[in-house]
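Worksheet: one structure, shown below.
Laboratory data are not the source of any read-out in this text; all were calculated from the coordinates shown. Treat the numbers as computed from the prediction; the structure is a model and nothing was measured. For neighbour counting, all protein chains shown are included, and Cβ atoms are generated from backbone atoms with ideal geometry for every residue, glycine included.
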Amino acid sequence: MHKIFASGLAVLIGLWLTSTTNVVTAQVNGKDPNITLVDNCDPATFDAAIGPGTCLATPHQHDTTFAEFVGLLFSPLAANVIGHPAWNFAPGYISIPARQTVRVTNAGGEGHTFTEVAAFGGGFVPFLNGVGGPAGTVPLVAAGACLASPVVVAAGDTVQIKGLSPGAHKFQCCIHPWMRAVVDVE
């Protein structure tokens, strides 16, 4: 009986270890840690709905149409979904030593911001504030930094974040405010 319990416990621990969230700590192979800005916009439909150049074609297949994007955000069936899950920062948490540079790469087709905020909040696109998830998940009031100093990262570009002081730093996209990450500086 104990052998069955012990092997079952070992399997559960193994599954837990392989399914935990992605966390980047310090340097990986001597390189600065990277946070990737991700989206899945379909260039033809996003450009038709919003304007030319809204979503650039990338080497990756992006096939979420604008109608699908909006449909998920405002569907009653998505009451527990926060924003659109294909629009995110990956990973959503990293821990780095002081004076470490963080590289932020936009692998999506749309422009995003990677803006440090004192508290997570809404963005500067009213249409996308307050969408999805339980009430208050993405607040309707824009985070102050989104209105004052957003850092825009164009599709395909990489920016470097340097000189972060020790402590937890919150970053969000001011366009898609459910896209969030925390950089914990040791």
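For the range 22-185, take the convex hull of the Cα atoms, compute a quarter of its surface area, and give me that in nm², please. Show your work: numbers first, answer last.
On the way: hull surface 38.1 nm².
Dividing the Cα hull surface by four gives the mean projection, 9.5 nm².
Distance in nm between label sites at SER95 and HIS60, each 7 Å beyond Cα in the beta-carbon direction?
So the label points at SER95 and HIS60 sit 2.6 nm apart.
Working out 0.36 nm times the residue gap between ALA168 and GLU68, then minus their Cα-Cα distance, what length gain in nm do you get to one decimal?
32.5 nm
Given an 8 Å cut-off on Cα distances and at least 6 residues of separation, report the relative contact order of the range 22-185 as a percent.
This gives 28 percent for the range 22-185.
Taking H as built 1.01 Å from N, whose amide H comes closer than 5 Å to the amide H of LEU164, not counting residues under 5 places away?
When sequence neighbours closer than 5 places are left aside, the close amide H contacts are ARG99.
Taking the beta-carbon count within 10 Å as an exposure proxy, list CYS41, CYS173 from fewest neighbours to most.
Ascending number of Cβ neighbours within 10 Å: CYS41, CYS173.
If each residue of separation counts as 0.36 nm, what is the full-extension length gain between LEU147 and GLN160 once their alpha-carbon separation is subtracted?
Details: separation 13, 0.36 × 13 = 4.68 nm, distance 2.12 nm.
So the extension gain works out to 2.6 nm.
How would HIS169, HIS112 line up from fewest to most surrounding beta-carbon atoms within 10 angstrom?
HIS169, HIS112
Mind ordering 89-98, 115-124 by average Cβ neighbours within 10 Å, highest first?
115-124, 89-98
Could you tell me the center-to-center distance, by alpha carbons, between the range 35-54 and the range 146-178 in angstrom?
What the calculation gives is 19 Å, centre to centre.
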